[in-house]
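Just so it is clear, none of the values below were taken in a lab; they were calculated from the coordinates. No experiment lies behind these values; they were computed from the predicted model shown. Because the Cβ atoms are built from the backbone with ideal geometry, glycine has one as well, and the counts that use them run over all protein chains shown.
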Number of protein chains: 2
Amino acid sequence: MANKSRVTLEDVAREAGVSTMTVSRVVNNTGKISQATREHVQTIIARLGYRPSRAARALVTNKTYLLGVTVPDITNPYFSTIVHGIEDVASEGGYSVLLVNSNETPAREQAALNQIDDSTIDGLIVCSSRLPEDVLLPLLEHHRAVVSVNRPFPKHLASCVLARYRYGYRSYLAARYLAQHGYQRIGYVHLTRSFMAMQIDELITRLAADGIAIKREWTTSRLPTWEAGYAAGKELLADHPALDAIIGGNDLVALGVMHAAVEMGRRIPEDLALIGGDDILLASQVTPPLTTFHVPTYEIGVMAARLLFARMTGDTQYREHIYDETLVERGSVL
Amino acid sequence: MANKSRVTLEDVAREAGVSTMTVSRVVNNTGKISQATREHVQTIIARLGYRPSRAARALVTNKTYLLGVTVPDITNPYFSTIVHGIEDVASEGGYSVLLVNSNETPAREQAALNQIDDSTIDGLIVCSSRLPEDVLLPLLEHHRAVVSVNRPFPKHLASCVLARYRYGYRSYLAARYLAQHGYQRIGYVHLTRSFMAMQIDELITRLAADGIAIKREWTTSRLPTWEAGYAAGKELLADHPALDAIIGGNDLVALGVMHAAVEMGRRIPEDLALIGGDDILLASQVTPPLTTFHVPTYEIGVMAARLLFARMTGDTQYREHIYDETLVERGSVL
DNA sequence: CTGTTAGCGCCTTCAG
DNA sequence: CTGAAGGCGCTAACAG
């Protein structure tokens, strides 16, 4: 490192008395090389401390060995576990992960996607994008391979990992479950910008068809964070003290509501029942433990990466991986 | 994208009737360009959908606008929050983050670092590396700028973000705190491979000097995960039922111990006191809430990124950012 | 088995 | 204000 500039193939070739191609072949284990020259070249490589330039390689081979992954919030255990799954598969295949954490800010997601194109990464996994279709789709067209998690896409653009029904279908199931258990006034914290979550109006309509009445005022739309859930809980319970159950769009939100409720003197589940979603560790550790929907988060990441690799290796078929969200009955409902 | 190959500077130049340099200048907003040609070129760029190749740029400018970040476990909220902080600063500066999640596997950390060099990223932040010095240091020498989090490095190699005393000093403080509160038989779950955590023997020795006796058998060394803590709790409490307090190397571990203890019929804190470290959300939400050490995790990420940018922009001075870990007294200690 | 010739797409340098 | 030449470090495609 004392020398000013990088050791190149040419340096090695000169020193070894061979051509750059021979060195290149040794480095890449390509073509036929006599054992003698191979070893000789390897010695020189070691002595000079040569390391191939990924930038130069990328330029000529058009491959970066990088996968892009966008998530709205890496701090959310739901997403960090997905990333973990992706990472495991990627690293097996010799790939690294370029992480884009948009921090629940669509503008930032857009900016990041805008500067990452097919010369930066070989493939892209978009998790729960918060961008509207008309800005998202054009940004994806520059890429050779795309996989979407938790959001359906035009089939020619990307393969998808999706919940069996819809991501938000579980809110509907949760409401029915609560109704069956005798709860009458059910509140709902919808997740803002989640394109998969059931919209509030639709939920109300469908439940009405089942004879379950939820009022508009009992619902609110928030970011998928604990803090947002906490604030939602405070407001909902202050404005509508008669609520006897609240459905959170995910565990973080439901747990925030739980904290608010306890602070306000409600007993869970006697005074207020709670249901979340995602089954994060925290959900199982609070008292009472939170009834929620289990989601195979790690597998979602693994499957997304697999679907991406399939696309990257020329499989242009649209493929889908459907996962199930299963109710985990715990103590937050009577 | 129907066309087989990428639109290049040359395509734009030809179409616009100018040289590639002119186009390049327009793209990069460099040098003096007449308003007329600038606009003309921009039109062509838009029409052709030209996007500069990052690979080609990287080759000639030697800059990738990528920061490498290695963490042992992205699923650990401690690290995902640090990454969040790094990401925020990076994206402000137009940088993206290349994430290496070694999954608590040193071999994987090594493999990943080995294929990421200064032609891949412009700078590297190494968080809580689990690699021994003799394999880690050589891997870092290839990089232009390195920052270490939670592990001291030779000053010429990297700037550092470190806990004021040592990362593991808090275990010592925790033991003293427990002793002051009347606990006599204090167990300790040390974090395996953490280079900053106080070694078990040292902790015992120092505490002995303070008149606090901890037996070797009351301690164990585990991975920094909830599951590992749970297993440790089961074993420690089964083998040494007389323990009246246990210190976890971090919150995840301490919370695992708590769960095990409750399952085994212990009341917290009456039968068993618990102290963790990191102050993750989960710690504040269990019952009773966990006494722990607050760590400014997000700021650690921010500072690490700032120190890295300083190094990348030619500041070769060794710099250090020291953060404090402050005890948060909650309900898991009488 | 090994070497030669051409670029990959862009920017740096130096002329105009 | 604009252009021509050259090269970043590597590999693909041909020769030998």
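So the values come out like this:
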| item | result |
| --- | --- |
| 16 Å cut-off, amide nitrogen to a point 7 angstrom out along A:A213 Cα→Cβ, residues in the range A:152-189 | A:179, A:183-187 |
| Selected from B:G93, B:G17, B:G187 as most flexible by GNM, with chain B as the system and alpha-carbon contacts under 10 Å | B:G17 |
| Compactness of chain A, expressed as Rg and Dmax over alpha-carbon positions, Å | 25.7, 86 |
| Pairwise centroid distance, computed over Cα atoms, of the range B:1-67 with the range B:233-277, Å | 62 Å |
| Exposed GluC sites (Glu not before Pro) absent: longest stretch of chain A, with sites in DSSP loops and at most 14 other Cβ within 10 Å deemed exposed | A:1-140 |
| Spacing of the two label points (7 Å from each Cα toward its C-beta) at A:N29 and B:T8, in nm | 3.2 nm |
| Hypothetical label at A:S284: residues of the range A:319-333 whose amide nitrogen lies under 18 Å (7 Å Cα-Cβ projection) | A:324-333 |
| Contact order normalised by residue count of chain B, Cα under 8 Å, 6+ apart, percent | 16 percent |
| The range A:260-334: C-alpha gyration tensor shape, a/c 1.5 cut-off, then a/b vs b/c | prolate |
| The range A:174-210 and the range A:107-153: distance between their alpha carbon centers, rounded to Å | 30 Å |
| 0 to 90° range, to nearest 10: angle between helix B:169-180 axis and chain B longest Cα axis | 30 degrees |
| Whether the protein assembly as shown is rounded, prolate or oblate, judged on the alpha carbon gyration tensor where a/c under 1.5 counts as rounded | oblate |
| C-alpha long axis of helix A:226-239 to longest principal axis of chain A, angle in ° | 10 degrees |
| With Cα atoms, 0 to 90° folded angle of helix A:106-115 axis to chain A main axis | 10 degrees |
| Gain upon complete extension [B:E141, B:R176; 0.36 nm per residue less C-alpha separation] | 8.6 nm |
| Neighbour-count ranking [beta-carbon atoms within 10 angstrom, fewest first] of B:K155, B:K32 | B:K32, B:K155 |
| Which of B:I82, A:I200, B:I280 has the fewest Cβ neighbours within 10 Å, and the rest in rising order | A:I200, B:I280, B:I82 |
| Using a Förster distance of 22 Å, the FRET efficiency for A:Y298-A:D239 (Cβ separation, nearest 0.05) | 0.05 |
| Spin-label pair A:E92/A:A36, simplified geometry with 7 Å Cα→Cβ offset, distance in nm | 4.3 nm |
| Paired Rg and Dmax values of the range B:29-85, which use every Cα atom, in angstrom | 19.4, 54 |
| Rounded, prolate or oblate (a/c below 1.5 giving rounded, otherwise prolate when a/b exceeds b/c) for the range B:82-237 by Cα gyration tensor | prolate |
| Value at 222 nm in deg cm²/dmol, rounded to 500, when DSSP H runs of n ≥ 4 in the protein assembly as shown each add -39,500 (n - 2.57) | -13000 deg cm²/dmol |
| Top of A:L59, A:L173, A:L203 by mean-square fluctuation, Gaussian network on chain A, Cα under 10 Å | A:L59 |
| FRET efficiency, 1/(1 + (r/R0)^6) with R0 45 Å, evaluated for B:S19 and A:T316 via beta carbons | 0.75 |
| Simple label model, 7 Å out from Cα along Cβ direction - A:T43 to A:E227, nm | 6.2 nm |
| Environment charge at B:G265 (Cβ cut-off 15 Å; Lys +1, Arg +1, Asp -1, Glu -1) | -1 |
